[in-house]
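Step one of this worksheet: look at the structure below.
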Amino acid sequence: WLKPFWFKLKHCPSKLHPCLACWRPPPAMRRVSAIGRHLLEPAPLGGAGASGATAPAAPELPAGLLEDRCGEVEWRLRCKLAVAYRISAHYGWDQLVFNHITVKIPDTSKLENGPHFLINPFGLRFDEVTASSLIKVDLAGNVIERGTASGILFKQGFVVHSAVHQARPELQCVWHSHHADTTAVSMTKFGLLPISQEAIAFQGRISYHPFEGTATDLSERERMAASLGPVNRVMLLINHGPLTAGGSIEEAFIYHYLITLACTWQIKALSAAGGDLARMHIPTEEDLQRLYQRARNSADRNRDEVDQKNESYNDGLAMWLAGVRMMESKHGPEMYT
C-alpha cells in the first residue's frame, strides 16, 4: 500500500544478493547444547480479562535440535525474526525486556486456535534473542513450543500481537515498540505531521488507537483490530507507541524504520521551533497533493531517460539486507542458533 514511495518487498531478485528467506544456516551454526531440551508446563495467562483456566501443557517433542523439530520453513522464519530483534535493539526500538516482534507461521491458520505465531520469551533482551529461544503460541494463549530458553509468554505482548494476527490474515509480521520519539508523538493531539519525506509516505495510511492503559484486557483485541482497520499497516497506539505490520518481516521493518524516523524528525523540529507550529514549514493541502503525485510517479522506474539507462532496484529489500549485514557483522552466527 506504500508502493508509490517504497517498492513492495518481494523475494530476493538476484542470486548475488541472497536474503535470509532463501538461506539456511549451515550445521556448524546450530546450537549443540539444545539437544535434549524439553518443554515446561505453561502457566495460565492470568490478569484482567483472562478466564483463569490453565492452558493445556505443550506436547513433549522428541529430543534433538529445535531446528530439526520445527521444519525448514519455520526455522527460516526463526532466523529472520532473530535478526529483526537484533536490528530493533540496535535502533533503540526496545525497552529492556519489553516490546515484541511476532511472525505468523504459514499453514497454521486452520489448526485449532490458529494461526500459530513466534514471539520473544519474556525476560530476554532483544539482543539476546536467538532463533531457537523464540516461543510459539496460538491465538488462545497456549504455548506450543517454549524454545531453548524455556520462555514465558508475556500477556501484554500476546494481547497486542494476537489482535492483529487474528484480524488480518494477510499480515505475517507485527512489530511493536515504545520508541521514545514515536511514543511522544502519539501523546500529542495533532499526531504525525506531514513535514518529512518519511511522514508524507504515511499520510492517509495511518491509524490511531485510543489509550486503554496496560494491554491486559483480552477484549481490547477487537477494538485494536477495529482501529487498525482492513487496509492500514501502521498504527500509533495513543500514549503507548508505534505498531507496524506487513506481509513479511522485511515489510514490517521498513514501516517501523520510517515511522520512527519521521517521529524523530518531528520531535527535533518542534524543539527547534519552541513547540510553535506556526514557526514550522508544514505543507498545505495543495502542496501535499503535488508531493503525493511525485511519490506515485517515482514508482514508475521507466518514466525518463535516467530510469531507462539504469537497472531497477528494490528500496525496501536493500534496507533490510543492509540491516542483516550490520547484525551479522556485530553478532556473528549466534543469532541463528
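The values are calculated or read from the model by the stated rules, or taken from the named source; none is laboratory data. All values reported here derive from a predicted model rather than from experimental measurement. When we count neighbours, we look across all protein chains shown, and the Cβ atoms used for this are built from the backbone with ideal geometry, even at glycine. Just the protein is used for accessible areas: all its heavy atoms, side chains included, with ligands, DNA and RNA removed. Shrake-Rupley method; radii C 1.70, N 1.55, O 1.52, S 1.80 Å.
Residue by residue through region 271-276, which ³J(HN,Hα) values in whole Hz follow from phi under the Karplus form 6.51 cos²θ - 1.76 cosθ + 1.60 (θ = phi - 60°), with glycine and proline marked x?
With coefficients 6.51, -1.76 and 1.60, one gets 5, 5, 8, x, x, 9 Hz.
Between rounded, prolate and oblate, where does region 202-324 land on the alpha carbon gyration tensor, with a ≥ b ≥ c its root eigenvalues, rounded for a/c under 1.5, else prolate if a/b exceeds b/c?
oblate
Starting from the Cα gyration tensor of region 94-164, take the square roots of the eigenvalues, sort them a ≥ b ≥ c, and report rounded, prolate or oblate (rounded when a/c is under 1.5, otherwise prolate if a/b is larger than b/c, else oblate). Can you show the working numbers first?
Details: a/c = 1.99, a/b = 1.53, b/c = 1.30.
Prolate.
Given just the C-alpha atoms of region 295-337, how large is their convex hull per residue in cubic angstrom?
Per-residue hull volume (Cα only) is 95 Å³.
Is the shape of region 58-202 rounded, prolate or oblate, going by the alpha carbon gyration tensor and its root eigenvalues a ≥ b ≥ c, with a/c under 1.5 for rounded and a/b larger than b/c for prolate?
prolate
In whole Hz, with x marking every Gly and Pro, tabulate ³J(HN,Hα) for region 130-140 from phi via Karplus 6.51 cos²θ - 1.76 cosθ + 1.60, θ = phi - 60°.
Listing the rounded values in order: 10, 4, 8, 7, 5, 9, 10, 10, 10, 6, 8 Hz.
Which ³J(HN,Hα) values, rounded to whole Hz and listed in residue order, are derived for region 321-337 from phi using the Karplus coefficients 6.51, -1.76 and 1.60 in 6.51 cos²θ - 1.76 cosθ + 1.60 with θ = phi - 60°, glycine and proline given as x?
5, 5, x, 4, 4, 4, 6, 5, 5, 7, 10, x, x, 4, 4, 8, 9
Once the dipole of region 228-337 is set up with Lys and Arg at +1 and Asp and Glu at -1 on Cβ about the Cα centre, which of MET326, ASN314, ILE267 lies farthest towards its positive end?
ILE267
Relative contact order (percent) for region 211-329, with alpha-carbon contacts under 8 angstrom and 6 or more residues of separation?
Worked out over region 211-329, it gives 17 percent.
Kindly flag which residue pairs out of LYS104/LYS189; LYS104/LYS309; LYS110/LYS155; LYS136/LYS330; LYS80/LYS110; LYS80/LYS309 have an alpha-carbon separation exceeding 31 Å in this structure.
LYS104/LYS189; LYS104/LYS309; LYS80/LYS309
Report Rg(Cα)/(2.2 N^0.38 Å) for region 159-217, keeping two decimals.
Rg over 2.2 N^0.38 Å, computed on Cα atoms: 1.28.
Subtracting the Cα-Cα distance from 0.36 nm times the residue separation, let me have the gained length for GLN166 to ALA278 in nm, one decimal.
So the chain would gain 36.1 nm between GLN166 and ALA278.
Carbon and sulfur together cover what percent of the accessible area of region 252-325 at a 1.4 Å probe radius?
So the carbon and sulfur contribution to the accessible surface is 50 percent.
For a quick check: with amide H placed at 1.01 Å from N, whose amide H comes under 5 Å from LEU237's, ignoring anything fewer than 5 positions away on the same chain?
Answer set, sorted by chain and number: HIS209, LEU243.
Using a Debye calculation, one point per C-alpha and no hydration shell, please list log10 I(q)/I(0) for region 237-279 at q = 0.18 Å⁻¹ in order.
-0.63
Extent of region 256-337 along each principal axis, from alpha carbon coordinates, in Å, largest to smallest?
52, 40, 16
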